[in-house]
1. With the requirement that a residue be loosely packed, with under 15 Cβ neighbours inside 10 Å, free of Cβ contacts under 8 Å to residues at least 60 places away in the same chain and either of a type in the set (Lys, Arg) or closer than 19 Å to residue 153 by Cβ (or both), what does segment 53-74 give you?
2. If you go through segment 24-41 one residue at a time, do you hit one that is surrounded by fewer than 17 Cβ atoms within 10 Å (Cβ to Cβ) and either touching a strand residue (DSSP E or B) at 6+ places or on another chain (Cβ under 6 Å) or among the polar types (S, T, N, Q) (or both)?
3. Name the single residue that is surrounded by the most Cβ atoms within 10 Å (Cβ to Cβ) among those in segment 98-120 being free of Cβ contacts under 8 Å to residues at least 60 places away in the same chain and among the hydrophobic types (A, V, I, L, M, F, W, C).
4. Based on what the data block shows, is residue 6 touching a residue at least 60 places away in the same chain (Cβ under 8 Å), assigned to a strand (DSSP E or B) and of a type outside the set (Ser, Thr, Tyr)?
5. Look through 177, 187 and report the one residue that is modelled with pLDDT of 90 or more and either under 17 Å from residue 14 (Cα atoms) or loosely packed, with under 15 Cβ neighbours inside 10 Å (or both).
6. What residue, of 31, 55, 77, 8, is of a type outside the set (Ser, Thr, Tyr), under 23 Å from residue 126 (Cβ atoms) and more than 16 Å from the chain's Cα centre (by Cα)?
7. State which residue pairs qualify: first residue charged (D, E, K, R) and inside segment 157-168, second residue part of a loop (DSSP other than H, G, I, E, B) and surrounded by fewer than 17 Cβ atoms within 10 Å (Cβ to Cβ) in any location, beta carbons under 8 Å apart, and separation of 6 or more residues or different chains.
8. Among the residues of segment 108-140, write down those that are under 27 Å from residue 185 (Cα atoms) and touching a Leu at 6+ places or on another chain (Cβ under 6 Å).
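The values are calculated or read from the model by the stated rules, or taken from the named source; none is laboratory data. If you're wondering where the values come from, they're calculated on a predicted model, not measured in any experiment. When we count neighbours, we look across all protein chains shown, and the Cβ atoms used for this are built from the backbone with ideal geometry, even at glycine.
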Amino acid sequence: MRIILLGAPGSGKGTQGPVLAKHFGATHVSAGELLRAQMTESTELGRLIGEYVRAGELVPDEIVFEVLWEPITSAAAGGGYVLDGFPRSLHQAELAFERALLAGVTADAVVYLAVPDDAVRQRLVSRAAREGRSDDLDPGVTERRLRVFHSETEPLLDFYRNRGLLVTADASAPPDDVSAAMIAALDGRSRPSAP
C-alpha cells in the first residue's frame, strides 16, 4: 500500500505514520525526519534547509525532491510507503505525481488528518517539551506554519479528492481512535487505477 499523510504541523503525522506503515507492511518515510537529518549533518544543504525550517517556510521543491525521491522509490519497491510531510504544495503534488506515474509508484490513498488550529498550537508546545524542538516554542513560527499550511497545503485536498484518493480522519480524537478509523477506511478501499 502506498499512502500519503497530509495535515498541519502537530496533526499527528509522526504518530500515525508508523502505525499505518506497520499495519500495511510499508515503510514510513518522514519528510521532516529526512530534512532534519540533513540539518544535523551540517552540510551546505542541511544549513540551507535549516534556514527555511527556522523561519517556518516551506523548503524549496528542488531541495525536497533531492532529499526524498530515493527513499520514496526504494520504499515503493519494498512493499509500499507511508509518506508523511510531502507533498506540501500543489506544485509539489503535481511534480511528484508526474514523477511517480513515470516510476510506477503513485499513491493508493491520501489520508488527511484534520485538526483545529488551537489544538495544533497546544500540540506543538507539548512536542517542543517532549522532543526539544525549540522552533515549536516560537509562536511567530507556529502562526507562520499554520498560514503556510492553509494557503499551500490545503489546496491539495481537492487535488486528491478529485482523483478519488482522499480519506479524511478526525485527528482531534485520541491517537488510538484515529489509527483505528484510518485503518478501517483504508482496509475498505481497493487500489484505484492511476489517476
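1. 60, 62, listed by residue number.
2. Yes, the conditions are met somewhere in segment 24-41.
3. Checking each candidate, the answer is 100.
4. yes
5. After ruling out the rest, the residue left standing is 177.
6. 55
7. 163/192; 163/195
8. 109, 110, 111, 112, 117
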